[in-house]
Amino acid sequence: MFAAYLLALREGLEAALIIGILMGALAKFQLLSLKRYVWLGLVSAITASLLVVWGLDVVGVALEGQAETIFEGVMMTLAAILLTWMIFWLRRQSRTIRQELEYEVRVETQRRGTWGLFLVAFTAVGREGLELAIFLSATRFTAGALPTWGGALLGLATAVFLGWVIFTTTYRLDLKRFFQVSNIALLLFAAGLVAHGIHEFNEIGWIPTLVAPIWDLTHYLPEDTFVGQILATLFGYNANPSLTEVMAYLVYLLGVGVLLLPKPSWRVVRT
């Protein structure tokens, strides 16, 4: 449930910030009379995202046997890739996203009029919704349907509240610190998705296990216990993993973690 909550909170907060920036741009360019097209784009993006969630859920339920295993492995791997991309994208674009959205508002309203503004809102929010739909579909395989959707609804409700607080009061959240902390949590979650995906591919023989299992903790901390389920959902815990699962987890975690480390600044000291 916590993984779904964190994912929905982060994506929802990003969407709320985007809407706030668009509204600010309309005020800046004296186009507040067009704000209904931003809301229309938001509602349309949410509707499209819900349809994607429903479609993925229908496909996942309908598949059986090996096809179901392949689908789960692909969805987990795709979710891990998107999570990784999202972390790096926000890290790179966080400083310029306001300027870019304001530029898009100015250009699209001049080029396409009101529907250009609708497309800006629909595309920006729709990207967040599509990512969240894939993340939740992958999370459902490890956490179950009810905890996933319950956590997602709670996370979105929290995001809406925080967005309202940010843009209607003088209070300002430390968004930079929030995204830094959530990046660490999402990095661990993505590593777990990679390991879970490898596990699914192990089952159908697409990826060899090499050694299976390399340890067995099912008697001490089985995955069907409360603690085991939390660890499995958040960190990819497997009581009896294969060697390739552990290797994939560590390679991803160390590789991406090193890339996320702040780059050292070298200074030339003159004597």
Euclidean distance of C-alpha centroids, region 64-126 and region 177-204, integer Å:
19
When the helices in the chain are scored as -39500 (n - 2.57) per DSSP H run of 4 or longer and the sum is shared across all residues, what 222 nm value do you end up with, to the nearest 500 deg cm²/dmol?
-27500 deg cm²/dmol
Can you tell which of Arg140, Arg111, Arg127 shows the greatest fluctuation in a Gaussian network model of the chain with Cα springs below 10 Å?
Arg111
Simple Cβ-charge dipole of the chain, Lys/Arg +1 and Asp/Glu -1, about Cα centre, in debye nearest 20:
1920
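Given Cα pairs under 8 Å that are at least 6 residues apart, what percent is the relative contact order of region 57-209? Walk me through the intermediate numbers first.
On the way: 79 pairs, mean separation 72.8, N = 153.
Computed over region 57-209, the figure is 48 percent.
Give, in nm to one decimal, the length gained when the segment between Leu250 and Leu146 is fully stretched (0.36 nm per residue of separation minus the Cα-Cα distance).
Taking 0.36 nm per residue and subtracting the Cα distance, the gain is 34.5 nm.
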In the chain, how does Rg compare with the Kirkwood Rh, expressed as the Rg/Rh ratio over alpha carbon atoms?
1.04
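Round to the nearest 0.05 the FRET efficiency obtained for Tyr103 and Ala48 when R0 = 30 Å and r is the Cβ-Cβ distance.
Numbers: r = 24 Å, r/R0 = 0.81.
Efficiency at R0 = 30 Å is approximately 0.80.
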Sorting Leu234, Leu63 on the 10 Å Cβ count, fewest up front, what's the list?
Leu63, Leu234
Need the full-extension length gain, Arg112 to Ala185, defined as separation in residues times 0.36 nm minus the C-alpha distance. One decimal, nm.
22.2 nm
Ranking Val120, Thr77, Leu153 by how far each Cα lies towards the positive end of the charge dipole of the chain (+1 on Lys and Arg Cβ, -1 on Asp and Glu Cβ), the top one is Val120
If the elastic network links every pair of Cα atoms under 10 Å, which of Tyr252, Tyr103, Tyr37 fluctuates the most in the Gaussian network model of the chain?
Tyr103
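If each residue's Cβ is checked for other Cβ atoms within 10 Å, how do His196, His219 rank with the fewest at the top?
Working: His196 29, His219 7.
The most exposed by this proxy come first: His219, His196.
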Residue with peak Gaussian network fluctuation, the chain [Cα springs, cutoff 10 Å], from Gly55, Gly129, Gly12
Gly55
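Which ordering of Arg95, Arg10, Arg36 is given by a fewest-first count of other beta-carbon atoms within 10 Å? Can you show the working numbers first?
Working: Arg95 9, Arg10 26, Arg36 12.
Result, fewest neighbours first: Arg95, Arg36, Arg10.
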Limiting things to C-alpha atoms, what are the Rg and the maximum Cα-Cα separation (Dmax) for region 44-165, in angstroms?
17.0, 53
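No lab work stands behind these numbers, since they all come straight from the coordinates. All of these numbers come straight from a predicted model, not from anything done at the bench. Heads up, the Cβs are rebuilt from the backbone with ideal geometry, glycines too, and the neighbour counts pull from every protein chain shown.
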